[in-house]
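Following: one structure in structure tokens, then a few remarks.
The values are calculated or read from the model by the stated rules, or taken from the named source; none is laboratory data. Just so it is clear, the model here is predicted, and its values are computed rather than measured. Ideal geometry is used to build each Cβ from the backbone, glycine not excepted, and the neighbour counts take in all protein chains shown. Ligands, DNA and RNA are stripped out before the accessible areas are found, and what is left, the full protein with its side chains, is counted by its heavy atoms. Shrake-Rupley method; radii C 1.70, N 1.55, O 1.52, S 1.80 Å.
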Amino acid sequence: MISLSKPAKYVFIGKITLRNQLAYVFDFMVRSVFLLLILYIFMQLWQSTFAGEGTSTINGYTFKQMMWYLVFTESMVLATPSLSTRIEEEVKSGDVAFKLIRPVSFLAFHYAEYMSEVAIRYAINLILGSAIGLLLVGPLPVGVGLAWLPIMAIGGFTVNFMLGMLVALSAFWVEETRGLEFVYNKILFTIGGMLMPLELFPESLQRIGQWLPFQTVVYFPARTAVGMHLGEITGAIATQWLWVVLIGLMVWLLYRKGVRKLNVNGG
Amino acid sequence: MRSIQVDRLEKIFQVKKKQEGLAGSLKSLFRPQYANKAAVEGITFTVEQGETVAFLGPNGAGKSTTIKMLTGILHPSSGTAEVLGCCPWTERSKLAYRIGSVFGQKSQLWYHLPPIDTFELMSRIYELRREDYKQRRDNLIERFELGPYLNTPVRKLSLGERMRCEIAASLIHRPQALFLDEPTIGLDAVVKQRIRELILEMNREEGTTIFLTSHDAGDVEKLCDRAIVINHGGLVFNGQVEIMKQQFLTHKTVQLVLEDDPGNLVLEGVAVLSSSGSRLTLSVDTGLTTIESVLSALMASHRIVDVTVQDPPMEDIITRMYGTFVAKEAVT
Amino acid sequence: MLTADESYTGISGHDQPGKLRRLLRFVTASWRLNLAGAMEFRFSFLLTVGTMIVNNIVWIIFWGMYFKRFPVLNGWTLQDVMMMWAAASGGFGIMSVFFGNATRLANLIATGQLDVYLAQPKPVLLNVLISRMSVSAIGDLLFALFIFIGFGDVSPVGIVKFAAALLISSMIFIFFCVIAGCLSFWLGNTEGLSFQLFNALLVFATYPTAIFKGFGRLVLFTVIPAGFISSMPVSLIREIDMPFLYGAVGMAAGLCAGGILLFYRGLRRYTSGNMMGLRR
């Protein structure tokens, strides 16, 4: 054995750890390239659109706000891990029923895991997205909205968790849930307002969107962060948590039903 | 008639030099440094049509590289080769119609489909005449006893079953020469034996030249007339397997069961390979002493319950050969 | 010992006339096998095909809403954007379904998986490309056809134009990917880089060319030739713009020739994965 002096040892360990992180670095670079590409394209798209309209704002959004809106929504969507992959595994192995008997602890456990993972990834994506945003369109005028972002984001991610859980728990009844999760994600892209703010939607679609939980996930936090609808912050947060409770209840019922089915069938 | 002719064949790989540590990794990312590594260094040999030749050498000796050059997969750095009158790398396609190859690690079977489907594709790849193909296919199925799993997806077959299908697929166009790279790797003894029999059968009945690399001494002993041994990219032995055995069979293995524990045994020309209590395995160097004198020396002080004298396994002979050559190199 | 030439009776008819017919037989046999392999997992087959269609529909919805709000985008209408999606996803679909290994070439080269193809008496690049079928891309191909039927000009002239657009688009996709993959012959494993290049082509091919100006536009007609795909709706399908058509055909032919040349050049440097074994 080679004995290392203490500082040398830490440097050594540090280097090994860093090299193990290379896989993450690669993933990070892929995400950066993707974000850069998408933001560049949307910058071109909105530039052309603003020029075509000949106005400085579209539905109240300036060009800068439109771009930063996209930074915030993309950062959020790219930060969410797949619940279906995880839950499907647990349901198929039967762990879901034996590990955690009560639905509350089952949900709490997964919620804690989900949120901690999301926190790190979201922070990284925000830094990355902001760097790209600064580079392409310059800084966003700092306002009160930005201060509310963390709280709105927590609400948004919680709704997203509940909806994701609803999809994932259907694994009790259907063979494959990843397809469903994929479709759900695509709903977020469109009617959830990831690609463009809901205000730009046709009137009828906007009205439908207001009665659905999808707008609370990325649209609420992003529009607040860019300084829109500042008067409706309390209302928006209340809407988020109302949906959390409602969907949470459905998840709870679904879980109990599912576990009972598992017990009857003997797993 | 010559089947394979190799003249001063050489293959040099450019290897990216990997530098120590993270700083080194980064440096080599931007300004890579290359080193030349000779995998095959100017080897020359010939193989006659219908011969069975074992191509041997330790790991990294250049066996696979050579076989890949002979089948047209790799281009050599210098030297020439002719297989069935074709230059493998310039007349790759023409040659491919007449040779078969089995690479133990790289399957040509379609993983999710039954073997029969791969056979069908093979018939299209080799442009076989329909009637001839069907006859050949049925013949191989019977010979290799593939009937039971002909319609089972390859992923569900055992390794042995898969290898049988693999070899059958490589024979479907009735090649004149068959190249096999580690055909028995990972198989159990019974399956290995069966596969050797099948290969030998093809050689006897159709005059197919067999050229194989193997780590398995059994493959060499049971299957091949001749052995070509390379080490560090160069040729070190080329001759009959029998001669190789005589030349390098300087040791015998003696297994003993004594009535008591002999303790520390010291005899000239004898090495203790293993001992557990009264059971002993000795290696006797017949150049220094004789089996007779070793046994009589033992009988003088111990009672022998059981004794067997064996030639060491081929494995050891080959290992010893490499050892000898390494030693010679060190001296010169 | 047997003397080969007297006893050997080959059963291959490869030296007979009719080479092209037999080559086509081989190609179709390979495609048939691919499809059979995909059908082994029928349920996930339908699922992946379905998800791809859903994925594309999202963009149709996005553009639908966009054009509802802003009727024209630098001269482009919703129909143009739809036809652009048809040309891009159709070209991508043809590549991934019929020449599915195009996007995996870098990996195959770096990990030495060309051996099997090199040992077979068929054109190596063709053999490699057709040996895999991306199941999900069947969804993209179907999607392209649906869009064309729904939004396109389904007249004889329209069909010919659309077929030409698909042909050029798929040629650009295939040989751009081949060239990107061939980098592995010289640079070691470039899987990540090659994929990013392909991804850039795919992403840029699905946004109206008209929104890009200056340097971005230059890139789209040179390094990442997505512009030749995304301009199809206005410069070929709406009305034929001869200089564009020459450019697109030239680009497709150039990539094709370049890709084939590069691949066979690279084969001489192919190491069959031995590089890794020699790392010290």
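Mind checking the dipole of region B:250-310: about its Cα centre, +1 per Lys or Arg Cβ, -1 per Asp or Glu Cβ, Debye to the nearest 20?
Using Cβ point charges on Lys, Arg, Asp and Glu, region B:250-310 gives about 100 debye.
Determine the total buried accessible area between chain B and chain C, counting protein heavy atoms only with a 1.4 Å probe; round to the nearest 100 Å².
Accessible area lost upon association: around 4600 Å².
With a sphere of radius 14 Å drawn around the Cβ of C:ILE237, what net charge do the other residues whose Cβ falls strictly inside it have (Lys, Arg +1; Asp, Glu -1)?
-2
What does the helix-only formula give at 222 nm for chain A: each DSSP H stretch with n ≥ 4 adding -39500 (n - 2.57), the total divided by the residues, and the result rounded to the nearest 500 deg cm²/dmol?
Value at 222 nm, helices only: -25000 deg cm²/dmol.
Determine the distance separating the Cα centre of region A:187-245 from the Cα centre of region A:31-90; give it in Å without decimals.
Between the Cα centre of region A:187-245 and that of region A:31-90, the gap is 15 Å.
Sequence-distant or interchain residues sharing an amide H contact under 5 Å with C:GLY112, placed H: which?
C:GLY273
May I ask you to give the solvent-accessible area per residue for region A:6-265, in square angstrom, as obtained with a 1.4 angstrom probe?
Dividing the accessible area of region A:6-265 by its residue count gives 47 Å².
Accessible area drop of at least 30 Å² (1.4 Å probe, protein heavy atoms): which residues of region B:140-175 qualify, relative to the chain alone?
Residues losing area: B:ARG155, B:ARG174.
Of B:VAL305, B:PHE13, B:VAL266, which is farthest along the charge dipole of chain B in the positive direction, counting Lys and Arg as +1 and Asp and Glu as -1 at C-beta?
Value: B:PHE13.
Just to be sure I understand: of the beta bridges DSSP finds with both ends in the protein assembly as shown, what percent are antiparallel, rounded to 5?
Around 70 percent antiparallel, to the nearest 5.
Give me the percent of the accessible area of region B:94-139 that comes from carbon and sulfur atoms, probe 1.4 Å, all protein chains in place.
Within region B:94-139, the accessible surface is 47 percent carbon and sulfur.
List every residue whose amide H lies under 5 Å from the amide H of B:LEU56, counting only residues 5 or more places away in sequence or on a different chain, with H placed 1.01 Å from N in the peptide plane.
Amide H neighbours of B:LEU56, under 5 Å, 5+ apart: B:ILE228, B:VAL229, B:ILE230.
For A:LYS261, go through the aspartates and glutamates and keep the ones whose alpha-carbon is under 19 Å away, minus same-chain ones fewer than eight residues off.
By straight Cα distance, A:LYS261 reaches A:GLU88, A:GLU89, A:GLU90, A:ASP95, A:GLU175, A:GLU176.
Please list, by residue number, every one of the GluC sites (Glu not before Pro) in region B:209-292 that is coil in DSSP and has at most 16 other beta-carbon atoms within 10 Å.
The qualifying sites are B:GLU259, B:GLU268.
Using a probe of 1.4 angstrom, how much of the accessible area of region A:23-162 is carbon and sulfur, in percent?
It is 72 percent, rounded to a whole number.
For region C:42-277, evaluate the Debye formula with one uniform point scatterer on each Cα (no solvent term) and list log10 I(q)/I(0) at q = 0.08, 0.13 Å⁻¹, rounded to two decimals.
The Debye formula, applied to the Cα set alone, gives -0.31, -0.79.
Roughly how big is the B-A contact, given as buried accessible area in Å² (both sides, 1.4 Å probe, nearest 100)?
The B and A chains share an interface burying roughly 300 Å².
Nothing charged except the Cβ atoms of Lys and Arg (+1) and of Asp and Glu (-1): what's the magnitude of the dipole of the protein assembly as shown about its Cα centre? Round to the nearest 20 debye.
2220 debye
Which whole-angstrom value gives the distance between the alpha carbon centres of region C:50-116 and region B:210-245?
So the separation of the two Cα centres works out to 55 Å.
Which is farthest toward the positive dipole end of the protein assembly as shown among A:ILE151, C:PHE26, B:THR290, measuring Cα position about the Cα centre, with Cβ charges +1 (Lys, Arg) and -1 (Asp, Glu)?
Value computed over the given set: A:ILE151.
Using Cα pairs under 8 angstrom and six or more residues apart, how large is the relative contact order of chain C, in percent?
25 percent
Using only alpha carbon positions, build the gyration tensor of region B:250-310, then give the equivalent ellipsoid semi-axes as the square roots of 5 times its eigenvalues, largest first, whole angstrom.
Over the Cα atoms of region B:250-310, the ellipsoid semi-axes are 17, 12, 11 Å.
Taking Cα pairs under 8 Å and at least six residues apart, what relative contact order does chain A come out at, in percent?
Dividing the mean separation by the residue count of chain A yields 25 percent.
In terms of the Cα gyration tensor, with a ≥ b ≥ c the square roots of its eigenvalues, is region A:6-265 rounded because a/c is under 1.5, prolate because a/b exceeds b/c, or oblate?
oblate
Taking the alpha-carbon centroid of each part, what is the distance from region C:152-173 to region C:217-252 in angstrom?
First find each Cα centre; the distance between them is then 13 Å.
How do C:14-25, A:106-117 rank on mean C-beta neighbours within 10 Å, highest first?
Ranked from most to least packed, the peptides come out as A:106-117, C:14-25.
Determine the per residue accessible area of region B:105-169 with all protein chains present and a 1.4 angstrom probe, expressed in square angstrom.
Result: 43 Å² of accessible area for each residue.
Tell me: how much accessible area in total is hidden between A and C, 1.4 Å probe, Å², nearest 100?
It comes to approximately 2600 Å² buried between A and C.
Give the carbon-plus-sulfur fraction of the accessible surface of region B:250-310 in %, rounded to a whole number; probe 1.4 Å, heavy atoms of protein chains only.
49 percent
Residues of region B:47-76 that become at least 50 Å² less accessible with every protein chain present than in their own chain isolated, using 1.4 Å: which are they?
B:GLN49, B:ILE73, B:HIS75
Choose one of C:ALA87, C:GLN113, C:SER134: the residue whose Cα lies farthest towards the positive end of the charge dipole of chain C (beta-carbon charges +1 Lys, Arg; -1 Asp, Glu; about the Cα centre).
Looking along the dipole axis, the top candidate is C:GLN113.
Let me know the charge dipole size of chain C about its Cα centre in debye, to the nearest 20, where only the beta-carbon of Lys, Arg (+1) and Asp, Glu (-1) is charged.
It comes to approximately 340 debye.
Ignoring ligands, DNA and RNA, what accessible area per residue does region C:42-277 give at 1.4 Å, in Å²?
Per residue, region C:42-277 has 37 Å² of solvent-accessible surface.
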